[in-house]
Amino acid sequence: MKNRWLKLAAVAAAVVCAGCDCHCAEIPNAAAVIDPAVREAAGDVAVVMTDLDSGETLYSYNAGMQMPSASTIKVLIMAELLRRVENGELDLNQRVSVAQEDKLLDSIIGCLDQSDYSLRDLIVMMIIESDNTATNVLIDIAGFEPVNRMASELGLENTSLQRKMLDFKAAEEGRQNYSSAADMDKIMQMIGRGELISPDACRFMLQVLNMQKDIESFKRYMPEGLIVAHKSGTLDKLEHETGIFWVDGNDYVLTIFTQNQESNSAARDFIGQLSLDIFQFMNGDLNSTGENLKIDRNF
């Protein structure tokens, strides 16, 4: 397998990237794996790969292309809530009421009789199960303006929260949630390096992201037990993934955005295969269960 990547790296040294912003000449190794895939992909594709420790861009293609964010925007919502917790405005243990009429049938909360949850539980459900009822309740708490102000302060140029989840009327009126691969890469880097809000807040966010239950894209062809700190997003013919891959001494952030795809299944397959190829290229261990992360479930 290693020889295969070395051959690809040699080939990539001769690649000329016309008409795109991919950094083939700078990082031929990463380009060898990623560039052929993105050039053959259907629809619109954006990919950003960054070294977590140094912040060095290992690969960038259509990084600033703004697309509907789908559920990746939930990472920013979580960050704003943690900022408020850090400032003493909110408490992770506080109870939050969820009215019956606010429960969406597509969510876990919508299937339960319970009428109140801790703020912590709502955040966890929003991220690891992408629960839309939890998300909409948390948007009410966080507020559109503060979330968008945080996006601006972080330099997320293509990211905005304009509507709640499954608000189809708002979407028809032209209100959409947006982001880009570059923006999600930036916020995931900051979380991974403990630079967003505070180290404690980042520790909390990483613990939640590490417990992600979605295995349909990034982890499609990887062992279910492999731990990746990630968040996915899905809309019609649109699939996104952003996250941190833990590779001993070689941790990296990977963000893949796709839209106008032939099907969601095809898009998830594309993301899954590409993420597997990159993970193996980075010497990731497919037998790892993430025990080295020492995740504290008792946050």
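The values are calculated or read from the model by the stated rules, or taken from the named source; none is laboratory data. As the structure is a prediction and not an experimental result, all values here were calculated from the model. Using ideal geometry, Cβ is built from the backbone for each residue, glycine included, and neighbour counts are taken over all protein chains shown.
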- request: Scan region 183-220 for residues that are part of a helix (DSSP H, G or I), among the charged types (D, E, K, R) and surrounded by fewer than 19 Cβ atoms within 10 Å (Cβ to Cβ) and report the count.
  value: 2
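Table: residues versus (1) in a loop (DSSP other than H, G, I, E, B); (2) touching a residue at least 12 places away in the same chain (Cβ under 8 Å); (3) of a type in the set (Asp, Glu); (4) within 17 Å of Phe204 (Cβ to Cβ).
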{"site": "Ser71", "(1), (2), (3), (4)": "no, yes, no, no"}
{"site": "Asp91", "(1), (2), (3), (4)": "yes, yes, yes, yes"}
{"site": "Arg120", "(1), (2), (3), (4)": "no, yes, no, yes"}
{"site": "Met126", "(1), (2), (3), (4)": "no, yes, no, yes"}
{"site": "Asn136", "(1), (2), (3), (4)": "no, yes, no, no"}
{"site": "Val147", "(1), (2), (3), (4)": "no, yes, no, no"}
{"site": "Lys164", "(1), (2), (3), (4)": "yes, yes, no, no"}
message: Yes or no: region 213-227 includes at least one residue that is touching a helix residue (DSSP H, G or I) at 6+ places or on another chain (Cβ under 7 Å), over 18 Å from Ile73 (Cβ atoms) and of a type in the set (S, T, N, Q).
response: no
field: Ser288 vs. criteria in contact (Cβ under 8 Å) with a residue 40 or more places away in the chain and at negative phi
entry: yes
- prompt: In region 119-157, what residues are within 15 Å of the chain's Cα centre (by Cα) and surrounded by fewer than 19 Cβ atoms within 10 Å (Cβ to Cβ)?
  reply: Ile128, Glu129
query: Are any residues in region 38-53 part of a strand (DSSP E or B) and surrounded by 15 or more Cβ atoms within 10 Å (Cβ to Cβ), and if so, which ones?
result: Val45, Ala46, Val47, Val48, Met49, Thr50, Asp51
message: Can you find a residue that is crowded, with 21+ Cβ neighbours inside 10 Å, assigned to a strand (DSSP E or B), of a type in the set (A, V, I, L, M, F, W, C) and at pLDDT 95 or above anywhere in region 56-63?
response: yes
